[in-house]
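Beneath this line is the structure, given in structure tokens, with notes to follow.
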Amino acid sequence: MKTTLTINGNTHALDIDPRTTLLDALRNHLDLTGSKKGCDHGQCGACTVIADGRRINSCLTLACMMDGVEITTVEGLGKPGDLSPLQDAFVRHDGFQCGYCTPGQICSATAMLEEARAGWPSAVTDNLEGETVSLGNGEISERMSGNLCRCAAYPNIVDAIREVSERKEVAE
């Protein structure tokens, strides 16, 4: 099936099996290996990418469904020497050990920060009347609960996300 994917601002024309997941298209056809295949069942979040501003599990999404959608992978968030604020915070807070889940964590956190800025509540949000959501440890942990870290670097991941959420220049 002919499919056109827009990944990190670049357009890619593919002729792939219609059963090909977005994750497999990224890794096997476009050589974008940042997104990882962890569980291949949408339970671990290692494959998380951003689709039109929303975080999705690319292992559960067919590539052909993403025609016309702007996809951002971890490769599109920053580069060596020019890291995104979250990538930089993850490094400084040691928000990873083995690093396997880190690309999915960073993509998820990037979209999650935008969700919170837009006022989207979570299951633990106290104030449902606000325009933005205050991101304390519990709120961040709840919002990131779809991303697992087998090394248990959660406290450092939360610290990195909280730091970036509190930066004035990021919030504006």
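Computed from the coordinates by the stated procedures, all read-outs in this text should not be read as laboratory data. Everything numeric in this text was worked out from a predicted model, so none of it was measured. With ideal geometry, Cβ positions are generated from the backbone for all residues, glycine too; neighbour counts draw on all protein chains shown.
Subtracting the Cα-Cα distance from 0.36 nm times the residue separation, let me have the gained length for TRP120 to ARG167 in nm, one decimal. Let's see the in-between values first.
On the way: separation 47, 0.36 × 47 = 16.92 nm, distance 1.91 nm.
Using 0.36 nm per residue and subtracting the Cα-Cα distance, I get 15.0 nm.
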To the nearest 500 deg cm²/dmol, what mean residue ellipticity at 222 nm is calculated for the chain from DSSP H runs of n ≥ 4 alone, each contributing -39,500 (n - 2.57), summed and divided by the residues?
-8000 deg cm²/dmol
Taking the Cα centroid of region 57-91 and of region 1-28, what is the distance between the two, rounded to the nearest whole Å?
14 Å
Would you check the chain for Lys pairs whose C-alpha atoms are within less than 26 Å, ignoring same-chain pairs closer than 8 in sequence, and give me the count?
5
Name the shape class, rounded, prolate or oblate, that the alpha-carbon gyration tensor gives for region 30-105, where a ≥ b ≥ c are the square roots of its eigenvalues, rounded holds for a/c under 1.5, and otherwise prolate holds if a/b is larger than b/c and oblate otherwise.
oblate
Cleavage-rule hits (GluC sites (Glu not before Pro)) in region 126-155: DSSP loop, at most 15 neighbouring Cβ within 10 angstrom
GLU129, GLU131
Separation of the ARG19 and GLU131 label points, Cα + 7 Å toward Cβ, nm
5.0 nm
